[in-house]
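Asks: Dropping a structure here in structure tokens format, bear with me for questions.
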Amino acid sequence: MKKKKMQPFIVLITLLVILAGTFFVLKDNNSKNEDETEEDSETLINADAAGISTLTITNNQGTMEFTYDSTSSAWKYAPDKEFPLDDTKVSSITDSLSEFKAQRRLEDTLENIAEYGLDNPAYTLKISGDTNVTLYIGNKTSTGNYYAYIDGSEIVYTIDSTLPDSLNVSLNDMAVMDTVPSITDSDVYGMVINGTQYDYFESGNQQYDYTLSNNWFAKDHEGKYIAMDTTAVNEVITAITGMSYTGCAKYKASGDELTQYGLDDENKKTVTVKYKETQSSDETETKEESSDDSEVKVEKEFSFDIGSQNEDGDYYVKAADSNMINIVSKDSIESILKDTSQLVTKNAFGINSSNVTSLKADVKGTSYDLIENGAITDSSKYEAVYNEIYELQAETVIEDGNTILPVDSELTLTYNTSVAGFETVTMEFTKYNGSYYQATINGDTKLLVLKTKIDSIISQLGNITP
């Protein structure tokens, strides 16, 4: 009986012994881990940036060597001193090498070097000068760090990703990219886009616009101006002024290299924007002396060529005054390369009533005098239909060569106006297909109007006794 009572005490004592042993083992392990943490934070490279004279990067793009030029106090690309190197990108690497520490010390042998990707390093960084060190960087760890070791040592470490990320560059990534000049939309007064000239007329262009409501005009192949939609043109201007370079494809290209990017004379599309830049009077090169600091507007131009698309769909672009080929997003370029037909004003039928002397509508031989002597003849009969005519807009522009002869017009509108050069404006609407009417204005056919809109005007007139 006594023996049975002692059994629980024996079990309890045994458990206490086991727990005590576990505690001391854990304490001992923790002590070792603390020692390892101190050892893991050891410095791999301790190089004063001012003492580094050469820095070489090797990655899957190749090898790039940079040297410090004491004369200009700047870093240079060794094979080509004229390369537009972004000095700060090299400096940021050299600055990081002062007290460059490991994250963790893995093992003191290179026997398993292949497991870490160090037999064929992803990155190699070599510096020379007051400190001469070569650092090899291998695979990425599961936690986002990298395996690395120093040449001449057999210790494998892990390092954080900051330095490897800065070495994951091409030569073009190290260049100072071109910049698009800062242009205010409202300062743009002209453009040439792929051969088509667009001009801004602040007070309108009475010679070519009987509505007197447009400011932007494009020149056609005959040298005549065509009124453009202001909102549509402004969207193109905003795309140009907001354009930015997202990368550099080639820092210096010429001759046959331009063909590779679709920037040869045969394939390129050229864009020129004309704008006025505000400058203080003492900045301008004029013979006149200015007695104050007043501002003046100076005419400027910015031209660039658009080439082919890269594998991502973005475009190669080269400024006229540069040999650098840059990359611009697909959306930006396609917002610029709008065809003239997409920009033509669709509001070509409404003439301000203050400039209208008379308006006659003809539907298959039946005439309706909507306006006489500058006033609607009968508001109760004609005001609603006149308003519909005034608000009428085209739906699209007819492609060259696809017009039909304006015979057997369903509706003809004849305006007499006070606008010089447009004393008479005749608009003929002819059935084009099941969806559209073709509009011919003073013999010029460019626009298609929805059939439902013209049918509505004809229907309203048909319900009115002339």
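No lab work stands behind these numbers, since they all come straight from the coordinates. Keep in mind it's a predicted model, so treat the numbers as computed, not measured. All Cβ positions, glycine included, derive from the backbone under ideal geometry; neighbour counts span all protein chains shown.
Asks: First select every other residue whose beta carbon is under 13 angstrom from the beta carbon of Thr259; then total the charges, Lys and Arg +1, Asp and Glu -1.
Replies: Its environment carries a net charge of -3.
Asks: Here's another thing I want to ask about it. Quick check on the range 145-279: take the gyration tensor over C-alpha atoms, sort the square-rooted eigenvalues as a ≥ b ≥ c, and tell me if it's rounded (a/c under 1.5), prolate or oblate.
Replies: It is prolate, given that a/c is not under 1.5 and a/b is the larger ratio.
Asks: Only Lys, Arg, Asp and Glu count, each charged at its Cβ (+1, +1, -1, -1), so figure out the dipole size of the chain about its Cα centre, rounded to 20 debye.
Replies: Roughly 2320 debye for the chain.
Asks: Once you keep just the Cα pairs under 8 angstrom separated by 6 or more residues, what percentage relative contact order results for the range 289-420?
Replies: Once divided by the residue count of the range 289-420, the mean separation gives 21 percent.
Asks: How do Thr179, Thr426 line up, fewest other C-beta atoms within 10 Å first?
Replies: Values: Thr179 10, Thr426 16.
Ordered from fewest to most neighbouring Cβ atoms within 10 Å, Thr179, Thr426 come out as Thr179, Thr426.
Asks: Just going by the charge dipole of the chain, with Lys and Arg at +1 and Asp and Glu at -1 on Cβ, which of Tyr136, Ile57, Tyr200 is farthest out on the positive end?
Replies: My answer, from the dipole projection, is Tyr136.
Asks: Enumerate the amide H contacts of Trp75 below 5 Å, restricted to partners 5 or more residues apart or on another chain; note that Pro and chain-start residues carry no placed amide H.
Replies: Hits under the 5 Å cutoff: Asp69.
Asks: Relative contact order for the range 43-174: what is it in percent, counting Cα pairs under 8 Å that are at least 6 residues apart? Display every interim value, and only then the final one.
Replies: Working: 254 pairs, mean separation 36.4, N = 132.
Averaging sequence separation for qualifying contacts and normalising by length gives 28 percent for the range 43-174.
Asks: Taking 0.36 nm per intervening residue step and subtracting the Cα-Cα distance, what contour gain separates Gln279 from Ser128 on full extension?
Replies: Gain in length upon complete extension: 49.6 nm.
Asks: If you fit an axis through the alpha-carbon atoms of helix 230-241 and take the longest principal axis of the Cα set of the chain, what angle between them do you get, 0 to 90°, nearest 10?
Replies: Long axis of 230-241 versus the principal axis of the chain: about 30 degrees.
Asks: With the dipole of the range 43-174 worked out from charges on the C-beta (+1 for Lys and Arg, -1 for Asp and Glu) around the Cα centre, which of Thr109, Ala78, Ser91 lies farthest toward the positive end?
Replies: Ser91
Asks: Okay, next question. So how tilted is helix 379-390 from the main axis of the chain? Cα-based, degrees 0 to 90, rounded to 10.
Replies: Taking Cα atoms only, the helix is inclined about 40 degrees.
Asks: Which of the residue pairs Lys89/Lys268; Lys338/Lys451; Lys81/Lys126 have a Cα-Cα distance greater than 22 Å in the structure shown?
Replies: As for pairs spanning more than 22 Å Cα to Cα, those are Lys89/Lys268; Lys338/Lys451.
Asks: Going highest first, how would you order 75-81, 253-259, 323-329 by mean Cβ packing within 10 Å?
Replies: Working: 75-81: 15.6, 253-259: 13.3, 323-329: 20.4.
With the highest mean Cβ count within 10 Å placed first, the list reads 323-329, 75-81, 253-259.
Asks: Still on this structure: Just one of [x] 93, 55, 43; [y] 126, 90, 49; [z] 75, 41, 38 is Cα extents along the principal axes in Å as worked out from the coordinates here. Which one is it?
Replies: [y]
Asks: If r is the Cβ-Cβ distance from Glu111 to Glu65 and R0 is 30 Å, what FRET efficiency results, to the nearest 0.05?
Replies: 0.40
Asks: Taking the Cβ of Lys224 as the centre, find all other residues whose Cβ is under 12 Å away and add up their charges (Lys, Arg: +1; Asp, Glu: -1).
Replies: Summing Lys and Arg as +1 and Asp and Glu as -1 gives -2.
Asks: Using mean Cβ contacts within 10 Å as the protection proxy, how do 313-322, 369-378 order, highest first? Intermediate results must be reported in sequence, preceding the final value.
Replies: On the way: 313-322: 18.2, 369-378: 14.8.
Going from most to least packed, we get 313-322, 369-378.
Asks: Something else about it: Viscosity 1.306 mPa s, temperature 10 °C: what is the translational diffusion coefficient of the range 353-462 from Stokes-Einstein with a Kirkwood Rh over Cα pairs, rounded to a whole number of µm²/s?
Replies: 111 µm²/s
Asks: Based on alpha-carbon atoms only, what is the radius of gyration of the range 43-174 relative to the globular estimate 2.2 N^0.38 Å?
Replies: That ratio works out to 1.05.
Asks: Related question: Please list, by residue number, every one of the GluC sites (Glu not before Pro) in the range 41-148 that is coil in DSSP and has at most 16 other beta-carbon atoms within 10 Å.
Replies: Glu42, Glu82, Glu99, Glu111
Asks: Could you compute the FRET efficiency for Thr54 and Thr238, with r as their C-beta to C-beta distance and R0 at 60 Å, rounded to 0.05?
Replies: According to the calculation, E is roughly 0.85.
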